[in-house]
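Accompanying notes for the structure given below.
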Amino acid sequence: MWPFPARETPRIKFPVPAVLSTHPSPETTASSHRLIIIHHVQTRLRGSRRRLARRPRNEYYFNIAAPRFLVKPESLPQSKYLYSIPGAFHDYPADRFSFVKGLVTNIDYATKSVTVTVAANSAATTTTTTPPPPTETSFGFDYLVIASGSTTPATMGQSGVRLPFKSTAFEDTRKVIREAQEKLRAARQILIGGAGPLGVELAGELAEVAGPKKVTLVSRSRELLEGATTPVQKAASLLLHQRNVDVLTGTTVVNAAYEANTQTWKVELSSGRLFTVDAYIATTGTIPNNAYIPKSFLNAQGWVNVDGQLRVLENRVSRTDTYALGDIVCHPYRLLSRVPLQAETVVANIVEAIEKRGQVRTYSADAQKKMMVVPVGQSTGTGHIGGWTLFGCLVWFFKGRDFLTYKAPKFLRGEER
C-alpha cells in the first residue's frame, strides 16, 4: 500500500499497503505492481515529493518461475528470481526515495496514517541469521495505494506440502525455497490438487525430473485449464499423458492429512478413491492479503472494490484519497500481464489529483485480451492469446525456456508494458 501526505512539503510513500503522499508520508509494498507504480510516480512527479517504500522483505521474489526452480533447482540460479529492492532504486536521490522493511497492519482514516510493523535494520540486506524483533511505528499520508496482493493455502502451509508460490512477511525466502526444493526432490509419489496453469506446469516439471516419480493431477472440471479454449485444454491433456502423468478429471480433493509416523499424506477424493503419497501439493485457492484493510472496502470474497479509476469503493462510494491495484482488487484474471496498465492508470490519476490537469484515466479489465501461456516441461507447452492458440515452440520461446525470468528485471524497474 502507499500513502501520500500534505501539500506544503509534498512527499509520497509506498508500503504493504502501498501509500503515496504529497507531503511527508506515502508508502508501498513491493511485489511487481507496487514496484512498477513507484517507478512511474518517480517519473511523473518531480520536485520535492518524497516516496517511501514499505514492505516486509527487502528482496523482490519473482514467483512466476516457482514451478521451474522449486522442482529443478539447478535450472535457474537464485539471481534470476530474487532481487534487491533497494538496489532497483539506487539511481534516485536519497531525498526522493527511501526503503523501509515493514508490514502495514492498520489504516486509520481519522488521523490519515498507517501503522507499520518495522523490521530491525530494514535498510540492510538479508545477511543476519537472527534479526532482532520488529517494532511498530506509524506514517501519515494524503493518498494511499493498496497493493498488498494475495497468497495461497500452499504458501501459508494450510493445505498440503508448504511451497512458496508467494512470498510471506519477514521470512527468509531463500530458506523456505530451499526446504521446498528438498521436499520435492525426496518425494517419489506426488498428487497435485488443482489443474489450473500452476498445477499443469508443476506436473510437467515433475514428470521430467530424473529418478522414479509418479505424478497424479486432480482436476475439478472435466477438462484441464478451466476457462481456456478447447484446443488448449486438449493439448495440455495430451502433453501430460505423453509424460506419464495420471490425470483424474471431474473430481476434487476432499481431505488430505499428513501422517508423521510414516511421513506420508493420506488423500481422499470426492470419487471415493484414496491415495497414499509422499507429497500432496494444493494449487487451488487464493487468499487476499486484507487483514489491515477496512471491511467496508471489501466484497463478500474479501477483495477490494474499486471504480473505473481504480479508486477504492467504501460502501459503494469512491474515496478520493485511496487507490488499489494488482491481485488485491475485485477484478478477475489476476495476471501479472494486467498490472502495468493498472499501475499507469493509478499513477495518472494520483498525478491528476495532485496537479489538477483534468486528465483522468479509466481502467477496464474486459478491454485487455485474455491470455494463458502454460509450459508443460522444459521444451513445450500450450496456451492462447485471445482466440489464437500458441504452438509449443512459441510457449517455450515466450515462457517455457526460463519462466519469464528474463523479464523480471524489467518488472522490478517498472519498465515492462
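For this structure, a couple of remarks:
- Contour excess over end-to-end distance, with Cα ends at residue 356 and residue 378 and 0.36 nm allotted per residue: 2.9 nm
- Cα centroids of the range 349-417 and the range 195-220: 24 Å apart.
- Accessible surface ranking that places the most exposed of 273, 222, 401 first, with a 1.4 angstrom probe: 222, 273, 401
- Close amide-amide hydrogen proximity is noted between residue 306 and 313, 330, each under 5 Å apart and 5 or more residues distant or on a separate chain (H modeled in the peptide plane; Pro and chain starts excluded).
- Working note: Karplus 6.51/-1.76/1.60 with θ = phi - 60° gives the range 367-375 the couplings 6, 8, 5, 6, 8, 8, 10, 10, x Hz, where Gly and Pro are set to x.
- Anisotropy class of the range 317-417 from Cα gyration tensor, a/c 1.5 cut: prolate
- Each residue was assigned an accessible area with a 1.4 Å probe, and for residue 91 the value is about 130 Å².
- Cα gyration tensor category, rounded, prolate or oblate, for the range 216-313 with a/c compared to 1.5: oblate
- Pairs from the table (72/214; 72/101; 183/214) lying more than 19 angstrom apart at Cα are 72/101.
- Overall, the anisotropy analysis places the range 282-355 in the oblate class: the square-rooted eigenvalues a ≥ b ≥ c of its C-alpha gyration tensor yield a/c not less than 1.5, with a/b not exceeding b/c.
- Note that the range 195-255 shows a convex hull volume over its alpha carbon atoms of 77 Å³ per residue.
- Accessible area per residue was computed with a 1.4 Å probe on protein heavy atoms; residue 214 scores about 80 Å².
- Restricting the calculation to Cα atoms, every distinct pair contributes to the Kirkwood radius of the range 152-254, found to be 14.5 Å.
- Modelled this way, with points 7 Å down the Cα-to-C-beta line, the labels at residue 271 and residue 222 are 1.5 nm from one another.
- The range 58-106 and the range 282-316: distance between their alpha carbon centers, rounded to Å: 25
The values are calculated or read from the model by the stated rules, or taken from the named source; none is laboratory data. Worth saying up front: this structure is predicted, and the values here are computed from it rather than measured. Note: ideal-geometry Cβ built from the backbone for every residue, glycine included; neighbour counts use all protein chains shown. Side chains included, ligands, DNA and RNA excluded: accessible areas come from the protein's heavy atoms. Shrake-Rupley method; radii C 1.70, N 1.55, O 1.52, S 1.80 Å.
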